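So the structure is just underneath, and the comments pick up after that.
Bear in mind that the values in this text are calculations on the coordinates, not laboratory data. Every value quoted in this text rests on a predicted model; they were computed, and no experiment measured them. Cβ: placed from backbone, ideal geometry, glycine included. Neighbour counts: every protein chain shown.
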Amino acid sequence: MAIDTATPRTRRTILAGALGGLAAWAASALGRPEAVSAHDPDDVELGAMNTVAATTTIQNSSNANTVLELWGSAGSALRGFSTGYHGVQGTTAAENRSGVYGLFANQSGHGVGVLGENKGPGAAGYNVGGLGNEDAGVFGDSISGTGVLGITEKGNGVWGWSLSPSLAAILGQSLTSSTGVLGYSVTDHNLTGQGPAAPAKTGVYGYAAQDATAVGVKGESTVGTGGLFTATTGTALRVAGKAKFSRSGRASVPKGKTSVDIAVPGGIAANSVVHATLQTYRAGVSIAAVRTNYPVAGKARIYLTKVASTTVSTSVGWFVAEY
């Protein structure tokens, strides 16, 4: 088509032509469906449930950067849920590394790197479980804090259980000539892990200071030995302070008498030895003998060499030991 250069076109004519073209485009657009972005079923859709029937793997084999990093400002960064197996499983083949690693990075507060919670019956499950064939089932490591911390309101803080006939359920070892196992009982809630000063070169140390009834270390047995101390060339038992024995006591020989009977807690065995000494001075009087299991079993009669006094009683101290 030839261009008409002879006929001039006014601005009104040009504007009318442009408006007519715009109206034609709008009419044609109304008749077409709006284009949408379809979701590929092979893609992971954000903010929605993605259902799969196979394992989804993301692998970084070119460098040492983190494969996947998740951030959460108020909620959990990662949550795993399973109705048939582990909620979260971590595996590593690197030496001296961990399958699952947790870090508490708030240096001004208290927290834990890895927390396990059991909402079922307490005896039916474990909050945190570790399994090891030859290495440690649960391992805790800290440079200046507590390696493993156990806290409970009604149960045992730490419970050790061993089926070995020769290995201990709980083992404490000091590599710096300090204390292997330290147990202390106090009334304050100390979460720093800093107890009393550990004595040097000590296997087990117990400390309790609430009141006069507190006991640092207690051993008890119904039929066997409550506490056994053995030393080949050194001292088997050393006491710094008072020593109290339940199979000891004080008796009074009545005035005008030459003997007194005592009852020995726990009975008197064939290897029992009863020691007696005067606790009141009587000139020319001493202990003559002690007759065990007399006048009945479990009692002993302490004899004096003669009547100690005809006006007042005479005190006698006694002590029973085994050989």
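Numbers at a glance
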| item | result |
| --- | --- |
| Dipole in debye (nearest 20) - segment 248-322, about Cα centre, beta carbon charges: Lys, Arg +1; Asp, Glu -1 | 280 |
| Relative exposure of ASP40, ASP261, judged by other C-beta atoms within 10 Å (fewest first) | ASP40, ASP261 |
| VAL181-LEU68 FRET efficiency (beta carbon distance; Förster radius 41 Å; 0.05 resolution) | 0.45 |
| Relative exposure of ILE58, ILE262, ILE170, judged by other C-beta atoms within 10 Å (fewest first) | ILE58, ILE170, ILE262 |
| Gain upon complete extension [VAL114, LYS299; 0.36 nm per residue less C-alpha separation] | 60.5 nm |
| Convex hull per residue volume in Å³, alpha carbons only, for segment 248-322 | 73 |
| Fewest-first sequence of TYR303, TYR323 by Cβ atoms within 10 Å of each Cβ | TYR323, TYR303 |
| Pairwise FRET efficiency - SER82 versus ASN271, Cβ, R0 = 51 Å, nearest 0.05 | 0.20 |
| FRET E, pair ILE58, SER144, Förster distance 35 Å, beta-carbon r, rounded to 0.05 | 0.45 |
| For segment 163-299, convex hull of alpha carbons as volume per residue, Å³ | 235 |
| In range of the label at THR258: residues from segment 287-323 whose backbone nitrogen is under 18 Å from the point 7 Å along Cα→Cβ | 287-292, 295, 301-316 |
| Residues of type lysines that LYS257 reaches as a straight line, Cα spacing below 30 Å, ignoring anything fewer than 8 places off in the same chain | LYS244, LYS299, LYS306 |
